[in-house]
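Structure record follows, encoded as structure tokens.
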Amino acid sequence: MFEELYSPLPDREAYLNRIGAGAGPCSLESLDELILAHQKAVPFENLDPYYTKKTLSCAIDDLFDKIVTRKRGGYCFEQNALFVSLLQSLGYSAWSSHARIIRGKDPASPILILHRVNLVALADGLYFCDVGYGGPMPPFAIKVADRSCRTCNGETFYIRKQTDNWWLLGRITSQGVEEDILLFQTEQVENCDFFVLNHYASTSPLSVFTNVRLVNRKLDTGNVSITGDQLTIHENGSEQIIPITDNAHLRSILEEYFAMDPESLDCIPMENDTCH
């Protein structure tokens, strides 16, 4: 029943061409290059669950078709599933695990496990990497060790041990404030064990992904994002906000700022009504 979640990557070279990266040796430097290339080329987006409310397929062939062939994006259960498949095809010892998003939430409140992250074992230890979170995420791998910290291109992220089973990922903002982002585990989770989480995230009326349109893409000097009916461009320390007026405007924005092929956006209603 779940065999399609474990299929081999259909075409490694096509994936690397999609993100504009090379294979390279299994090293931290090569891993960093793959993470950043993926984040810049493949947008985080929840357009399918937002518009269709149907369970998204996480079959490797379907993810490859969506993200590589049709040049769409996806959310964590899609992107990190395909990315770990790429890493494994390149010879990395890589797997996925559970995470809880805590950024902007009351830490005293119960928080669902509703995120998929990736772990990679290199010669000098275990590293965290994530290409499927729609908020601030490290554009590089970070060693999983208490008080581990890494800065690159002005972005600083840290990891702290919480319990025997949980680690915390956070960042230092441009204002110098520490901001906790997510809690993650390091134990390998089978692809099939994300099935129910993905079903909830893409279909439940309680899921943020079925209620708020979210798109995000990393730029060389910032990022560009859509939240609801608003496009926000953060670049070189400045911010520009553009209201999205209708579906035709949305499609043009997705093409211009997120490099999406308009022909692949069949989930968006064709009528040029007010964007909702």
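The values are calculated or read from the model by the stated rules, or taken from the named source; none is laboratory data. The shown structure was predicted, so the numbers you read here are calculated from the model rather than taken from an experiment. Please note: Cβ atoms are built from the backbone with ideal geometry, for glycine as well, and neighbour counts cover all protein chains shown. These area figures cover heavy atoms from the full protein model, side chains too; ligands, DNA and RNA do not enter into them. Shrake-Rupley method; radii C 1.70, N 1.55, O 1.52, S 1.80 Å.
Restricting attention to segment 71-92 and to residues that are within 14 Å of Leu16 (Cβ to Cβ) and hydroxyl-bearing (Ser, Thr, Tyr), the residue that is nearest to the chain's Cα centre (by Cα) turns out to be Ser85.
Can you find even one residue in segment 246-253 that is touching a residue at least 40 places away in the same chain (Cβ under 8 Å), surrounded by fewer than 16 Cβ atoms within 10 Å (Cβ to Cβ) and closer than 24 Å to Asp65 by Cα? It would help to see each step written out before you state the result.
Narrowing segment 246-253 to residues touching a residue at least 40 places away in the same chain (Cβ under 8 Å): none.
No.
Restricting segment 61-70 to residues that are under 15 Å from the mean Cα position of the chain (by Cα) and within 15 Å of Leu265 (Cβ to Cβ) leaves a set whose member that is surrounded by the fewest Cβ atoms within 10 Å (Cβ to Cβ) is Lys66.
Of the residues Phe184, Phe194, Phe209, Phe258, only one is out of contact with any helix residue (DSSP H, G or I) (no Cβ under 8 Å at 6 or more places or on another chain), under 28 Å from Thr69 (Cα atoms) and surrounded by 12 or more Cβ atoms within 10 Å (Cβ to Cβ); which?
Phe258
Mind checking which residues of segment 216-262 are within 24 Å of Glu33 (Cβ to Cβ) and not in a loop (DSSP other than H, G, I, E, B)?
Asn216, Arg217, Lys218, Leu219, Gly222, Asn223, Val224, Ser225, His234, Glu235, Tyr257, Phe258
Within segment 151-191, the set of residues being over 23 Å from Leu219 (Cα atoms) and within 19 Å of the chain's Cα centre (by Cα) comprises Ile159, Trp167, Leu168, Leu183, Phe184, Gln185, Thr186, Gln188, Val189, Glu190, Asn191.
When you scan segment 88-137, how many residues do you find that are assigned to a loop (DSSP other than H, G, I, E, B), within 24 Å of Asp11 (Cα to Cα) and open to solvent by 50 Å² or more (accessible area, probe 1.4 Å)? Selection size over segment 88-137: 1. The residue that is most open to solvent (accessible area, probe 1.4 Å), among those in segment 1-60 that are assigned to a loop (DSSP other than H, G, I, E, B) and among the charged types (D, E, K, R), is Lys54.
In the set (1) open to solvent by 60 Å² or more (accessible area, probe 1.4 Å); (2) touching a strand residue (DSSP E or B) at 6+ places or on another chain (Cβ under 8 Å); (3) β-branched (Val, Ile, Thr), Val224 fails one condition alone, (1).
In segment 152-171, the residues that are assigned to a strand (DSSP E or B) reach residues that are among the charged types (D, E, K, R) and at pLDDT below 90 with C-beta atoms within less than 9 angstrom, at least six apart or across chains, in these pairs: Arg171/Glu155. Taken over segment 67-93, residues that are under 22 Å from Val196 (Cα atoms) and either free of Cβ contacts under 8 Å to residues at least 40 places away in the same chain or among the hydroxyl-bearing types (Ser, Thr, Tyr) (or both) amount to 3.
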